[in-house]
Amino acid sequence: MENEKFVKESRTVKSAVVLPPDTNNHKTLFGGKLMAYIDDVAAIAAIRHARKHVVTASTDSVDFLHPIKEGHAVCLEAFVTWTHKTSMEVFVKVIAENLLSGERKVCAVSFLTFVALGEDGKPVPVPKAVPETPEEKWLHDHASERAVARKKRREESKRLAQEFGVKKPWDEA
C-alpha cells in the first residue's frame with residue numbers, strides 16, 4: 001500500500017440531467033435524490049483513494065444553497081480532503097448548469113466520512129491525502145476542526161440513542 005496519494009487521484013465527477021421523475025412539486029430536484037448522488041460520488045472518490053471497499057461512516061452535512069431546476073444539469077465533484085488512520089473525509093461540491101444559457105452555480109456542498117475495509121470486513125489503514133491546489137489545501141488545513149466537531153456530534157448521537165433507545169410506537173412519549 002502506498003503511504004501517500006495526491007488528492008487529485010481521488011477526484012470523481014458525476015453529471016446528470018434533472019428529469020421530471022427526479023423532481024418535487026416545485027419542479028426542482030428532490031433533496032433525497034441529490035443526497036443519493038452525493039453518497040455515490042463520494043464513495044467512488046473514497047474507493048479510488050483507498051483502493052479498498054468502503055462504508056459511509058457519516059454524512060456531516062448537506063448544505064442546500066440553491067434549488068436545482070428540472071431540465072438543468074447537475075454536476076457533482078468529489079475528492080478526499082483528509083485522512084486519519086482508516087477513515088477519509090470526502091468533500092462534494094454540487095454545481096447546477098442551465099444547459100441553454102450556460103449559467104452555472106454551486107447549489108450544495110457536503111462532507112462525508114468513509115472507512116476503508118479489508119477482506120475480513122474490518123477497518124484498514126488508508127494513504128495520507130496530499131493536497132496541491134488552493135481549494136484542496138484550504139479544505140485539508142481546516143479538516144481537523146471538522147473532525148473535532150464530527151467526533152463531538154457522534155458522541156451526542158450515541159448518548160441520544162442510549163437515552164431514548166428503541167421504543168414501541170405505542171409507548172408513551
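Values in this text are rule-based calculations from the coordinates and carry no lab data. All of these numbers come straight from a predicted model, not from anything done at the bench. As a convention, Cβ positions derive from the backbone with ideal geometry for all residues, glycine included, and neighbour counts pool all protein chains shown.
Worth a mention:
- Subset of the stretch 91-129 (residues that are buried (at least 21 other Cβ atoms within 10 Å of the Cβ) and within 15 Å of D63 (Cβ to Cβ)): F91, V92, V94, A96, C107, A108, S110, F111, L112
Condition check ((1) surrounded by fewer than 16 Cβ atoms within 10 Å (Cβ to Cβ); (2) under 23 Å from A143 (Cβ atoms)) across all residues:
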{"site": "S15", "(1), (2)": "yes, no"}
{"site": "D40", "(1), (2)": "yes, yes"}
{"site": "H49", "(1), (2)": "no, yes"}
{"site": "V55", "(1), (2)": "yes, yes"}
{"site": "S87", "(1), (2)": "no, yes"}
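- Checked against (1) of a type outside the set (K, R); (2) surrounded by 14 or more Cβ atoms within 10 Å (Cβ to Cβ); (3) under 30 Å from K5 (Cα atoms), E132 passes all but condition (2).
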